[in-house]
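The values are calculated or read from the model by the stated rules, or taken from the named source; none is laboratory data. Predicted model only: the values in this text are computed from it and were never measured. Here the Cβ is made from the backbone with ideal geometry for all residues, glycine too, and neighbour counts use every protein chain on show.
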Amino acid sequence: MDPAGAGTTTSRPEGDAVRTDIDPADPPRLRRECVALIRNGHGAVLLVKPNYKSGWQLPGGHAQEGEPSAVAAARSLKGETGLVRQLSHVLLVDDVPASDEERVAAGIALVFDGGTLTNDSLVKLPEEAREGLSGVKWVSPQGIDGYTHSCEGRRIRAAISCADQGMRAPAHTLGSPAPA
């Protein structure tokens, strides 16, 4: 590794460069939470209520090993709300440090732009999602803090701000547009 800590690179069989500053036998664990910000025509935000923890959150879930983030967000969104959306742009990347106290590995939360629904009655809690969720709800941006944990509320408000300002980044996997 060079003195600046940038590491070295090598080529993968398919020709892509990969960093070698980590031990491939013991790579760090990184959680990818892939969620979607969806609003209705009045600006309210779609939230879901997990059964396994307090507070409401944006619909979505964790990416499985090898699953592109956009695919994970779309899969979880459909499973939790029945909505099928193409999630091709990221509004926000939120670094989530590890917490020994809460037994949580380090990770990132990717908030995808799910757009605006003109018919918010399309959102339903699918029967198969009822094991993990107890409800779906549209909440005004001003009311977010009454439903979410403080970090989730801050994440949602930041994603709303990015969406309102047109700040979106295309999601990519290995330098190519990610499948959505």
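Report the residue count in segment 120-145 for those that are over 25 Å from Val71 (Cβ atoms) and at pLDDT below 90. Step through it out loud before you land on a result.
Applying the first criterion (over 25 Å from Val71 (Cβ atoms)) to segment 120-145 yields 121, 134-135, 137-145.
With the extra rule that they be at pLDDT below 90, the set shrinks to 121.
So the answer is 1.
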Can we say Ile144 is closer than 25 Å to Ala169 by Cβ, in a helix (DSSP H, G or I) and touching a residue at least 24 places away in the same chain (Cβ under 8 Å)?
-> yes
Among (1) part of a loop (DSSP other than H, G, I, E, B); (2) at pLDDT 90 or above; (3) in contact with a helix residue (DSSP H, G or I) (Cβ under 9 Å, 6 or more places away or on another chain); (4) farther than 17 Å from Gly55 by Cα, the one test that Pro179 misses = (2)
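Within segment 80-98, identify whether any single residue is in a helix (DSSP H, G or I) and either farther than 14 Å from Leu37 by Cβ or not β-branched (Val, Ile, Thr) (or both), and answer yes or no. Outline the logic, then answer.
Just the residues of segment 80-98 that are in a helix (DSSP H, G or I), to begin with: 80-81.
Narrowing the set further to residues that are either farther than 14 Å from Leu37 by Cβ or not β-branched (Val, Ile, Thr) (or both) leaves 80.
Yes: segment 80-98 contains one or more residues that are in a helix (DSSP H, G or I) and either farther than 14 Å from Leu37 by Cβ or not β-branched (Val, Ile, Thr) (or both).
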Within segment 41-69, tally of residues that are polar (S, T, N, Q), modelled with pLDDT of 95 or more and either on the phi > 0 side of the Ramachandran plot or over 15 Å from the mean Cα position of the chain (by Cα) (or both) = 0
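Scan Ala109, Ala72 and give me the residue that is closer than 23 Å to Ala169 by Cα, in a helix (DSSP H, G or I) and either modelled with pLDDT of 90 or more or in contact with a strand residue (DSSP E or B) (Cβ under 6 Å, 6 or more places away or on another chain) (or both).
Values: Ala109 fails: in a helix (DSSP H, G or I).
After ruling out the rest, the residue left standing is Ala72.
Select from segment 147-176 the residues that are among the basic types (Lys, Arg) and in a helix (DSSP H, G or I) and write down the one among them that is nearest to Ala70 (Cα to Cα).
Among them, the one singled out is Arg155.
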Would you mind telling me which numbered condition in (1) at pLDDT 95 or above; (2) surrounded by 14 or more Cβ atoms within 10 Å (Cβ to Cβ); (3) more than 30 Å from Asn51 (Cβ to Cβ) Arg168 fails?
-> (1)
Determine whether Ala158 is free of Cβ contacts under 8 Å to residues at least 40 places away in the same chain and aliphatic (A, V, I, L, M).
-> no
